[in-house]
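Student: To start, I am sharing the structure in question, which I have written as structure tokens.
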Amino acid sequence: MKAFVLLAVTAACLLAGCAAPRPPAALPPEPAAQWQAPLPHGGSAAALRDWWQRLGDPLLTELIEAAQAASPTLSAAQARIEQARAARVAAGAALLPALDASAAASRGNNQPPAPLASTVQAGVQTAWEIDLFGANRDAERAAQARLEGAQAGWHEARVAVAAETANGYLALRSCERQHGVAERDAQSRRETARLAELSARAGFTAPGDAALARASAADAGRRLTQQRAQCELEVKGLVALTGLAEPGLRQRLAGGWREPPPQALPAVPALPAQLLAQRPDVYRAEREVAAASAEVGSAQAQRYPRLTLSGSIAAGRVRAGGVSADLQTWSIGPLALTLPLFDGGRRAANAEAAQARYADAANQYRARVRQAVREVEEALLQLESARARGEDARVAAEGYAASLAAVQARYGSGLASLLELEESRRTALAAETTLVTLQQERLAAWIALYRAAGGGWTAPAPALTAKGS
């Protein structure tokens, strides 16, 4: 039997001029040697999965967990994992023999006056395609790579939801701080307008100055109302993200918030090569390259001969005219060799299409690597810019606040005009608003860096990912 199989395969290969197809090799990452942007804290490594805990805000951690539980994006990613797992099982089943059982019963006669006959049969049939050129093995490797990519996609979705929730939460906290600034400014302007009105009634202040003070107070009230509405919108956004009840969320948010110090924020690894091990989207793109590579080998193998083996075992009983007889049959074979001769170019076209998909996946992978490096570089630059501007903004806000206090004292003593006071107030308000905005920008840059660095996810061990490469 072995000699017959070997002879049949050899003859088929000689007719087809076949050789075992080889899928393209997987692409290695091409990272830069080092980051070009400044590294915070010297680029020391940190466990990004503990990033949120290090901010010292348990409410933020709870909101992220709630958002991940309620996210339809994560639900869809989980569904893709299940679909990919089912496809992997189906692809692996093609490598194994198929086994089917059958049973039948009948009663009748073929031609009178033959007696009625009762027949009962039961049997098992098997069929197996011998994977000579690895078509089914490559299909299983492609399915396994796509399963691993889907699992990485789920982690990518988790990181995205966490970053979106953190951005929404910190935007709300920044909005609350801006509301505090606007409220203090509105109170100060209302008091100035009240005093200016009293002074105008007493004849010590021109009516035009009193009108200017009233207009300034009204403008501050408008800004305060607008800021309050913006904070309400931020709360609504958090409710939609997390799926939490709004009354309970508002109660938790009422506890206040303090900005984390710079040393509480983690740093990132120094080399892009380490980044590539922490980016689930880069790993998913690499797994897509591996899947497309395996599909090239599978499509090429379809152009070569196929060898199948079948067999069966059956047992039956026939009863006719009061006489019973038992029947047992078994067979091994046929051993069938199928040699493709002409299909109008269908198999060749499938192989070319698979090769094109591989080329596209390879280009997408290279682009994803470049995008990953770009996102980290941009986040580092934004973080450094916010840090450098933050100190100057703090000094400016403190200086303008001191200047405003001095002008207010002079105005109260009649040594400064209302125009001078309003100009000093506008400058101080702009400086304080800029400081709060920069503090939010700094935290937003840290969130962007967290997401760009992969959010603490790490790729599976190479032994698991090299399959099919």
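The values are calculated or read from the model by the stated rules, or taken from the named source; none is laboratory data. Just so you know, these numbers come straight off a predicted model, no measurement behind them. We place every Cβ from the backbone using ideal geometry, glycine too, and count neighbours over all the protein chains shown.
Student: Please identify the pairs in which a residue from region 429-446 that is in the same structural domain as L381 (by TED's automatic domain parsing) has its Cβ atom under 7 Å from the Cβ atom of a residue that is part of a helix (DSSP H, G or I) and acidic (D, E), counting only partners at least 6 apart or on another chain.
Tutor: Final answer for the pair search is L429/D185.
Student: Among A372, A354, A362, which is the only one that is over 29 Å from G455 (Cβ atoms) and either in the same structural domain as G149 (by TED's automatic domain parsing) or part of a strand (DSSP E or B) (or both)?
Tutor: Values: A372 fails: over 29 Å from G455 (Cβ atoms); A362 fails: over 29 Å from G455 (Cβ atoms).
Result: A354 is the single residue among A372, A354, A362 that is over 29 Å from G455 (Cβ atoms) and either in the same structural domain as G149 (by TED's automatic domain parsing) or part of a strand (DSSP E or B) (or both).
Student: Would you confirm whether any residue within region 294-308 is part of a loop (DSSP other than H, G, I, E, B), touching a residue at least 40 places away in the same chain (Cβ under 8 Å) and surrounded by fewer than 18 Cβ atoms within 10 Å (Cβ to Cβ)?
Tutor: Here is the first cut: in region 294-308, the ones part of a loop (DSSP other than H, G, I, E, B) are 302-305.
If we keep only those that are touching a residue at least 40 places away in the same chain (Cβ under 8 Å) too, we end up with 302-305.
Within this subset, residues satisfying the condition of being surrounded by fewer than 18 Cβ atoms within 10 Å (Cβ to Cβ) are none.
Scanning region 294-308 turns up no residue that is part of a loop (DSSP other than H, G, I, E, B), touching a residue at least 40 places away in the same chain (Cβ under 8 Å) and surrounded by fewer than 18 Cβ atoms within 10 Å (Cβ to Cβ).
Student: Also, I was wondering about something else. Can you tell me which of (1) farther than 30 Å from G333 by Cβ; (2) in contact with a Pro (Cβ under 7 Å, 6 or more places away or on another chain) is the one Q78 doesn't meet?
Tutor: Of (1) farther than 30 Å from G333 by Cβ; (2) in contact with a Pro (Cβ under 7 Å, 6 or more places away or on another chain), only one is false for Q78: (2).
Student: Determine whether R189 is assigned to a helix (DSSP H, G or I), at pLDDT 85 or above and not aliphatic (A, V, I, L, M).
Tutor: Numbers: assigned to a helix (DSSP H, G or I): yes; at pLDDT 85 or above: no; not aliphatic (A, V, I, L, M): yes.
No: the conditions fail for R189.
Student: Can you work out which of the residues in region 415-428 that are touching a residue at least 60 places away in the same chain (Cβ under 8 Å) and over 30 Å from S174 (Cβ atoms) is surrounded by the fewest Cβ atoms within 10 Å (Cβ to Cβ)? Explain how you work it out, then say what you get.
Tutor: Of region 415-428, the ones touching a residue at least 60 places away in the same chain (Cβ under 8 Å) are 417-419, 421-422, 425.
Okay, now just the ones that are also over 30 Å from S174 (Cβ atoms), so 417-419.
On the way: S417: 14, L418: 21, L419: 10.
Taking the candidates together, the pick is L419.
Student: Then there's this: Assess whether A217 counts as being at pLDDT below 90, closer than 30 Å to T73 by Cβ and in the same structural domain as W257 (by TED's automatic domain parsing).
Tutor: Spelling it out, it is not the case that A217 is at pLDDT below 90, closer than 30 Å to T73 by Cβ and in the same structural domain as W257 (by TED's automatic domain parsing).
Student: Same structure, new question: Under 6 Å between Cβ atoms, which residue pairs at least 6 apart in sequence (or on different chains) link something in region 334-354 that is over 26 Å from A127 (Cβ atoms) with a partner that is basic (K, R) and surrounded by 12 or more Cβ atoms within 10 Å (Cβ to Cβ)?
Tutor: Between residues of region 334-354 that are over 26 Å from A127 (Cβ atoms) and residues that are basic (K, R) and surrounded by 12 or more Cβ atoms within 10 Å (Cβ to Cβ), there is no close pair.
Student: Turning to a different aspect of this structure: So which helices (runs of 4 or more DSSP H) stay within region 1-115 end to end and still have 1 or more residues that are modelled with pLDDT of 55 or more and closer than 30 Å to S310 by Cβ? Lay out the reasoning, then the answer.
Tutor: Details: elements: 2-16, 51-54, 58-70, 72-93.
Those helices (runs of 4 or more DSSP H) span 72-93.
Student: In the list E246, E191, E197, which residue meets the criterion of being of a type in the set (D, E) and within 21 Å of T433 (Cβ to Cβ)? First the steps, then the outcome.
Tutor: Working: E246 fails: within 21 Å of T433 (Cβ to Cβ); E197 fails: within 21 Å of T433 (Cβ to Cβ).
Checking each option against the conditions leaves just E191.
Student: Kindly check whether there is at least one residue in region 130-153 that is assigned by TED's automatic domain parsing to the domain that holds L60, buried (at least 19 other Cβ atoms within 10 Å of the Cβ) and more than 30 Å from A354 (Cα to Cα).
Tutor: Scanning region 130-153, I find no residue that is assigned by TED's automatic domain parsing to the domain that holds L60, buried (at least 19 other Cβ atoms within 10 Å of the Cβ) and more than 30 Å from A354 (Cα to Cα), so the answer is no.
Student: While we're on this one: Check region 161-184 and report whether any residue there is crowded, with 21+ Cβ neighbours inside 10 Å, in contact with a Lys or Arg (Cβ under 7 Å, 6 or more places away or on another chain) and under 30 Å from V239 (Cβ atoms).
Tutor: The answer is yes; a qualifying residue exists.
Student: With the structure loaded, tell me whether A452 is assigned by TED's automatic domain parsing to the domain that holds R190, of a type outside the set (D, E) and either over 35 Å from the mean Cα position of the chain (by Cα) or closer than 22 Å to A186 by Cβ (or both) or whether it fails that test. Reasoning before the result, please.
Tutor: On the way: assigned by TED's automatic domain parsing to the domain that holds R190: yes; of a type outside the set (D, E): yes; either over 35 Å from the mean Cα position of the chain (by Cα) or closer than 22 Å to A186 by Cβ (or both): no.
Taking the combined requirement at face value, the residue does not satisfy it.
Student: Follow-up question, since we're still on this one. Please state which one of G321, G311 is loosely packed, with under 13 Cβ neighbours inside 10 Å, touching a residue at least 60 places away in the same chain (Cβ under 8 Å) and more than 27 Å from V159 (Cβ to Cβ). Walk me through how you get there before you give the answer.
Tutor: Working: G311 fails: loosely packed, with under 13 Cβ neighbours inside 10 Å.
None of the others qualify; the one that does is G321.
Student: Which of the residues belonging to region 84-141 are within 23 Å of V289 (Cα to Cα) and touching a Pro at 6+ places or on another chain (Cβ under 9 Å)?
Tutor: Across region 84-141, the qualifying residues are F133, G134, A135, D138, R141.
Student: Working carefully through the options R317, R250, R287, R258, find the one that is at pLDDT below 85, outside any loop (DSSP other than H, G, I, E, B) and among the charged types (D, E, K, R). Please lay out each step first, then the result.
Tutor: Values: R250 fails: at pLDDT below 85; R287 fails: at pLDDT below 85; R258 fails: outside any loop (DSSP other than H, G, I, E, B).
It is R317.
Student: Sticking with this structure for a sec: Being of a type in the set (G, A, S) and surrounded by fewer than 18 Cβ atoms within 10 Å (Cβ to Cβ) is the filter here; which residues of region 348-392 pass it?
Tutor: To start, the set of residues in region 348-392 that are of a type in the set (G, A, S) comprises 348-349, 351, 353-354, 356, 359, 361-362, 367, 372, 379, 385-386, 388, 390.
Within region 348-392, A348, A349, A353, A356, A359, A367, S385, A388, G390 qualify.
Student: For region 320-351, give me the residue count where each residue is assigned to a strand (DSSP E or B) and of a type in the set (D, E, K, R). Explain how you work it out, then say what you get.
Tutor: In the first step, residues of region 320-351 are kept if they are assigned to a strand (DSSP E or B); the result is 320, 323-338.
Now drop any that are not of a type in the set (D, E, K, R), which leaves 326.
Total satisfying the criteria: 1.
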